[in-house]
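Trainee: Just dropping this structure here.
No value in this document is a laboratory result; all are computed from the given coordinates. What you are looking at is a predicted structure, and each value in this text was computed from that prediction instead of being measured. Cβ placement follows ideal geometry from the backbone for every residue including glycine, while neighbour counts extend to all protein chains displayed.
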2 protein chains.
Amino acid sequence: MSMSMVHPSVHPIEAPPLTDHAIAIPRHSLKDTQGMPGTLGGFILRFLQFSFSLLSLSLMASTSDFPSVTAFRYLVAAVSLQSVWSLSLAVADVYAILVRRGYRNSRIVSLFSIGDGITSTLTFSAACASAGITVLIGNDLNDCAQNHCSKFETATAMAFMSWFAASPSFILNFWTLASK
Amino acid sequence: MSMSMVHPSVHPIEAPPLTDHAIAIPRHSLKDTQGMPGTLGGFILRFLQFSFSLLSLSLMASTSDFPSVTAFRYLVAAVSLQSVWSLSLAVADVYAILVRRGYRNSRIVSLFSIGDGITSTLTFSAACASAGITVLIGNDLNDCAQNHCSKFETATAMAFMSWFAASPSFILNFWTLASK
């Protein structure tokens, strides 16, 4: 009895580091699937989305006659929005990687999910509309001599690639939101 | 000791109806949200998808010059697939309502979800491509005198409506799959 009264501070001192470790370890648990916001995979997806949409934008804007077709103007608007959205979320991912925290707040994940849904749907619809026009010019009208067919086609393909990179982000965010 | 040996069947006889009720009640629980496969809302969604895609198909097929544009041929193929898929799932919904059982098997729900994802994406892309062409003909080229603009536009609008009706089915199935 008297022994434990003499050294009462032995156990309290040893305990705190143990519980601190127990809290600190699951920071990056199994739920942090690669591709989620705040992971390296998520950053790579954002970077791909941003580069492809920027490529599509610059290719389309480099043609002189794109404003004469409504679908091409719409593509320029959609990939601009996509590149701005992807760039800002890439910055958010870099911040999360630097401070070593994932985005767990369900409000933020739902915001990301809604934004991804809107931008990727816009990019996909613009890419489809442009693809319809480029196929009409190239295959149905055989009018490639007067138009920048290859530039239009490459810009459309880049917009589709941007959508392909945006889909995993959207599906992963939506999945996380639903499984919570 | 001897009492329980004489009437050993009293408890087993009373028990089955009680447990049977306990199993039977949650057949249509809160998880059977309207719009899920096997509910009345799900059937209405399927019916809307089927009618809109059939309207789009018949309007597009009634024009004589739709095969000259690739995007219009693609629209006809996509809304045909959408109408066949929606009709077969509408029949499955009617069956589920008649036997008063929902679809709970996660394999079936994932099959429905994948099928919905593919058909709705195809319908949406075809509608976007056709919209690009109709806007090109109507607004950019002002060539509606030679083309069936109103029929093309209505067929495109119907394809979009079919996609609008298909999205809730896909999102609900995907949500159910993720929250399991």
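Trainee: Principal axis lengths of region B:87-170 from Cα atoms, whole Å, largest first?
Mentor: Taking max minus min along each principal axis of the Cα atoms, region B:87-170 gives 54, 21, 15 Å.
Trainee: Run through the other copies and list how far each one's label point is from that of B:Ser68, in nm with one decimal, shortest first; the point sits 7 Å from Cα along Cα-Cβ.
Mentor: Between copies, matching label points for B:Ser68 lie 1.9 nm apart.
Trainee: Sorted by average packing, counted as other Cβ atoms within 10 angstrom per residue and highest first, what order do A:44-53, A:60-69 take?
Mentor: Taking the mean over residues of other Cβ atoms within 10 Å, the ranking is A:44-53, A:60-69.
Trainee: Other chains' Cβ within 10 Å of B:131-138 residues: what's the mean?
Mentor: The per-residue average across the peptide is 6.
Trainee: Can you work out ³J(HN,Hα) from phi for every residue in region B:72-79, in order, using Karplus 6.51 cos²θ - 1.76 cosθ + 1.60 and θ = phi - 60°, giving whole Hz and x for Gly and Pro?
Mentor: Rounded to whole hertz, the list is 6, 4, 5, 4, 4, 5, 5, 6.
Trainee: I need the inter-copy label distances for B:Ala145: point set 7 Å along Cα to C-beta, values in nm with one decimal, smallest first.
Mentor: 2.6
Trainee: Please work out the ratio of the alpha-carbon Rg of region A:28-128 to 2.2 N^0.38 Å and round it to two decimals.
Mentor: With N residues counted in region A:28-128, Rg over 2.2 N^0.38 Å equals 1.22.
Trainee: Taking a point 7 Å out from Cα toward Cβ as the label site, list the nm distances between B:Ile44 and the same residue in every other copy, smallest first.
Mentor: 4.6
Trainee: To continue, here is another question. Roughly speaking, what is the centre-to-centre gap between region A:86-144 and region B:116-180 when only Cα atoms are used, to the nearest Å?
Mentor: Each part reduced to its Cα centre gives a spacing of 19 Å.
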